[in-house]
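The values are calculated or read from the model by the stated rules, or taken from the named source; none is laboratory data. Keep in mind the model is a prediction, meaning the values are calculated, not measured. Methodologically, a virtual Cβ is constructed for each residue, glycine included, from the backbone with ideal geometry; neighbour enumeration extends over all protein chains shown. Only protein heavy atoms, including side chains, enter the accessible area calculation; ligands, DNA and RNA are left aside. Shrake-Rupley method; radii C 1.70, N 1.55, O 1.52, S 1.80 Å.
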Amino acid sequence: IAQLLSEQLGVLAIIIASLGFIHLLKLNKKIFWFSIILILGNCLITALLTDEFISDNPDLHGYLIPSLIALILGFFAGVLFIFQSLKILLSKKVFSLYFQKTAYSIAVVLIIVICLTPLYNFYPKANLSKNNFPFNYAMSVISGLPRNSVVFLDNPNLDFILRGLQYGDGIRPDLIILNRSFLAANWYFLQEKNKNLQIFQGINKFRSGDDLFLQLLKKALKNQIPVYMEFAERDSILVNYLIPSGYLMQINRKKIKSFPEDILAKQKNWEKNNLNWEKDPSFNNDGDAQRMWVLSWFRLGYFYECKGMEKQALEKYNKILAFYPQEPELLARVQKLTEPNLRAAK
């Protein structure tokens, strides 16, 4: 957390803020203690309540806004202290008027540089005017789906983006998008039942989680509704009923032993045209895009691994390793898939 705060404001700004708090201790103890308790309390709560501490997660920076505000106020108190100290120091007769003006000018320039440094450092990350990853990703996921399909999602990022497209832009409102993470909540069941009675009608409201997911899946298939899902690690039991359809998997009523060449060719073409984000310069400044890119390749790779298609699985895993060469879980999976082939070659 200390590293995040210092990166956001800059080390010099933190030092000046520290001087400012010392100055505040002399001027107003109530404000001083309020600021210190606010910073320590905010950092402690963030550290204890955060389930997954990802340093470039925008949400995490959001949690620390109270500390950032307190440090900025401390910074301005520090600036006041510096100029007061300069005034006392330069008021001595030994310094000429020209020297005094020069010293003040240099101090002002330095303070301005310190203030502008965070803007210089973080503007490329904060500027999202040319960042089309979320929109393009979501559109690539749903653009080819048949009308009135049911889509089961497993990660909140994609869920949020698709709901933004549906509610904000009016894109593909015909799709029934259900978040499996929320299916355990009674409020979510009632909300979605009111909206999508055709697949919720007759479903026991006391069912929840994966049990409810399977009931809804069966109901949709029974009603001849196309069903797609985001494949996750816990879905290996369904792997023989799934057909790759871009990032999503279409659920089939019967088992599928192998895929026709045209389906594999179509899938490969989709991956080539839609998961090539790493070629975009903005990709390096977008931690969320990187995580979604990795997640997409990983889940596609895991699907093929579960299907016993080692070659396709290795292709996906190696995509990630080219970007993150030291990822331990992936290295283990690649080694596991590669060893049988090496033994066979011998």
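Taken over the C-alpha atoms, the range 101-223 has Rg and Dmax values of 23.6, 83 angstrom. The count of lysine pairs in the range 239-314 with alpha-carbon distances below 17 Å, taking only pairs 8 or more places apart or on different chains, stands at 8.
The antiparallel fraction among DSSP beta bridges confined to the chain stands at about 45%.
In the chain, the longest principal axis of the Cα atoms and the axis of helix 209-222 are about 40 degrees apart. Computed extension length for Phe76-Leu27: 16.3 nm, one decimal, from 0.36 nm per residue of separation with the Cα-Cα distance subtracted.
In this structure, Leu331 and Asp174 have a Cβ-Cβ separation that, at R0 = 41 Å, corresponds to a calculated FRET efficiency of about 0.45. With the simple spin-label model, which puts each label point 7 Å out from Cα in the Cβ direction, the Lys92 to Gln198 separation comes to 8.6 nm. Using +1 at the Cβ of each Lys and Arg and -1 at the Cβ of each Asp and Glu in the chain, identify which of Leu12, Leu153, Leu80 lies farthest towards the dipole's positive end. Farthest towards the positive pole: Leu80.
Note on the range 69-216: lysine pairs with Cα distance below 24 Å, sequence gap of 8 or more or different chains, count 5. Computed over protein heavy atoms with a 1.4 Å probe, the accessible surface of the chain works out to 59 Å² per residue. Classify the range 234-285 as rounded, prolate or oblate, taking a ≥ b ≥ c as the square roots of the eigenvalues of its Cα gyration tensor: rounded when a/c is under 1.5, otherwise prolate if a/b is larger than b/c and oblate if not. Oblate shape, in that a/c is at least 1.5 and b/c is the bigger or equal ratio. Element breakdown for the chain at a 1.4 angstrom probe: carbon and sulfur atoms account for 62% of the accessible area. Its residue count N fixes a reference of 2.2 N^0.38 Å for the range 200-346, and the Cα radius of gyration divided by that reference is 1.19. Between Asp211 and Phe83, residue separation times 0.36 nm minus the direct Cα-Cα distance comes to 39.4 nm.
Applying the Kirkwood pairwise sum to the alpha-carbon positions of the chain produces a hydrodynamic radius of 24.6 angstrom.
Remind me, relative contact order of the range 222-346 in percent, using alpha carbon pairs under 8 angstrom and six or more residues apart? Here the relative contact order equals 18 percent. Simple point charges give the picture: +1 on the Cβ of Lys and Arg, -1 on the Cβ of Asp and Glu, and for the range 1-122 a dipole about the Cα centre of about 1140 debye. Taking the Cα centroid of the range 23-41 and of the range 275-334, what is the distance between the two, rounded to the nearest whole Å? If we compute the Cα centre of each part, the gap is 47 Å. Over the chain, DSSP H runs of length four or greater, each weighted -39,500 (n - 2.57), average out per residue to a 222 nm ellipticity of -21000 deg cm²/dmol. Classification of the range 1-132 by its C-alpha gyration tensor yields an oblate form. The axis ratio a/c (a ≥ b ≥ c) is 1.5 or more, and b/c is at least a/b.
Model label points for Gln3 and Ile263, set 7 angstrom from Cα along the Cα-to-Cβ axis, are 4.5 nm apart. Think of the chain as a dipole: +1 on every Lys or Arg Cβ, -1 on every Asp or Glu Cβ, centred on the Cα centre; then among Gln224, Gly202, Ser282, Gly202 lies furthest on the positive end. Taking label points 7 Å from Cα along the Cα-to-Cβ direction, Cys115 and Asn284 give a separation of 3.1 nm.
For the range 93-133, the gyration tensor built on C-alpha atoms gives a prolate shape. Its axis ratio a/c (a ≥ b ≥ c) is at least 1.5, and a/b is the larger of a/b and b/c.
A Gaussian network model of the chain, with springs between Cα atoms under 10 Å, assigns the largest mean-square fluctuation among Ala138, Ala332, Ala289 to Ala332. Placing unit charges on the Cβ atoms only, positive for Lys and Arg and negative for Asp and Glu, gives the chain a dipole magnitude near 300 debye about its Cα centre.
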